[in-house]
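Novice: Can you keep this structure in mind? I'll have questions shortly.
The values are calculated or read from the model by the stated rules, or taken from the named source; none is laboratory data. Being a predicted model, the structure only gives us computed values, none of them experimental. Here Cβ is always computed from backbone atoms with ideal geometry, including for glycine, and neighbour counts include all displayed protein chains. All accessible areas refer to the heavy atoms of the entire protein, side chains included, with ligands and DNA or RNA removed. Shrake-Rupley method; radii C 1.70, N 1.55, O 1.52, S 1.80 Å.
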Amino acid sequence: MLPPVEVAGRWIKRYHVTADPAGIAPDVRRAAYAMLPRLLPEADGTPPATFVVLHRGGDDGAYLNAYSWVWDNVLHFRGAAAGQPVLGCPDRDPAHFVTLERPWIGCVWELPPVLHERDAWVRHVLASGSPDLGAYLADSLPEGTTGDRR
């Protein structure tokens, strides 16, 4: 499990999705997280929390999905991709990220963290008597593949 990091005043929970047992290459990770500040919304008084899914596809593609909590109970989405010319990437370099304008929120392999994070937000921020950002940040989807999650 990756620990949360602070980026641009927001706490970021991180998930990596890949079929490669070695994980996501360091250059792809660095490039993705360098792009992250451009995907984050302005602060609005909601506890400053975001979760990201970094997905390295089986082809040249790499995808960074940033889901940020805003307006207390709304999930803001911005995404970026690299190495996927069909999505407007200028080349096949999986470390050359560009922001996406498509209204897509994630592929089937990227969505299990969304369900977990929705439930964790309700449990620790909305349904508790006192919002507990620390408890939310500590509550992550257990490690493992996303393909067999129900």
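Novice: Yes or no: Tyr33 within 16 Å of the chain's Cα centre (by Cα) and open to solvent by 10 Å² or more (accessible area, probe 1.4 Å)?
Specialist: Details: within 16 Å of the chain's Cα centre (by Cα): yes; open to solvent by 10 Å² or more (accessible area, probe 1.4 Å): yes.
The answer is yes for Tyr33.
Novice: Would you pick out the residues in segment 83-110 that are buried (at least 18 other Cβ atoms within 10 Å of the Cβ), hydrophobic (A, V, I, L, M, F, W, C) and touching a helix residue (DSSP H, G or I) at 6+ places or on another chain (Cβ under 7 Å)?
Specialist: Residues satisfying the conditions are Phe97, Leu100.
Novice: Test Arg14 against the stated conditions and say whether it is in contact (Cβ under 8 Å) with a residue 24 or more places away in the chain and farther than 22 Å from Asp132 by Cβ.
Specialist: Working: in contact (Cβ under 8 Å) with a residue 24 or more places away in the chain: yes; farther than 22 Å from Asp132 by Cβ: no.
No: the conditions fail for Arg14.
Novice: Quick check on this structure: which one of Gly58, Gly45, Gly79, Gly23 is more than 12 Å from the chain's Cα centre (by Cα) and open to solvent by less than 60 Å² (accessible area, probe 1.4 Å)? Can you show your working first?
Specialist: On the way: Gly58 fails: open to solvent by less than 60 Å² (accessible area, probe 1.4 Å); Gly45 fails: open to solvent by less than 60 Å² (accessible area, probe 1.4 Å); Gly79 fails: more than 12 Å from the chain's Cα centre (by Cα).
After ruling out the rest, the residue left standing is Gly23.
Novice: If you scan segment 111-150, which residues turn out to be at pLDDT 95 or above, open to solvent by 60 Å² or more (accessible area, probe 1.4 Å) and small (Gly, Ala, Ser)?
Specialist: Of everything in segment 111-150, just one residue is at pLDDT 95 or above, open to solvent by 60 Å² or more (accessible area, probe 1.4 Å) and small (Gly, Ala, Ser), namely Ala138.
Novice: Open to solvent by less than 10 Å² (accessible area, probe 1.4 Å), within 21 Å of Gly134 (Cα to Cα) and either in contact with a helix residue (DSSP H, G or I) (Cβ under 7 Å, 6 or more places away or on another chain) or not small (Gly, Ala, Ser) (or both), is that true of Ala66?
Specialist: Numbers: open to solvent by less than 10 Å² (accessible area, probe 1.4 Å): yes; within 21 Å of Gly134 (Cα to Cα): yes; either in contact with a helix residue (DSSP H, G or I) (Cβ under 7 Å, 6 or more places away or on another chain) or not small (Gly, Ala, Ser) (or both): yes.
So Ala66 fits the description; yes.
Novice: What residue, among those in segment 1-20 that are at pLDDT 95 or above, open to solvent by 70 Å² or more (accessible area, probe 1.4 Å) and more than 13 Å from the chain's Cα centre (by Cα), is farthest from Ala138 (Cα to Cα)?
Specialist: Ala8
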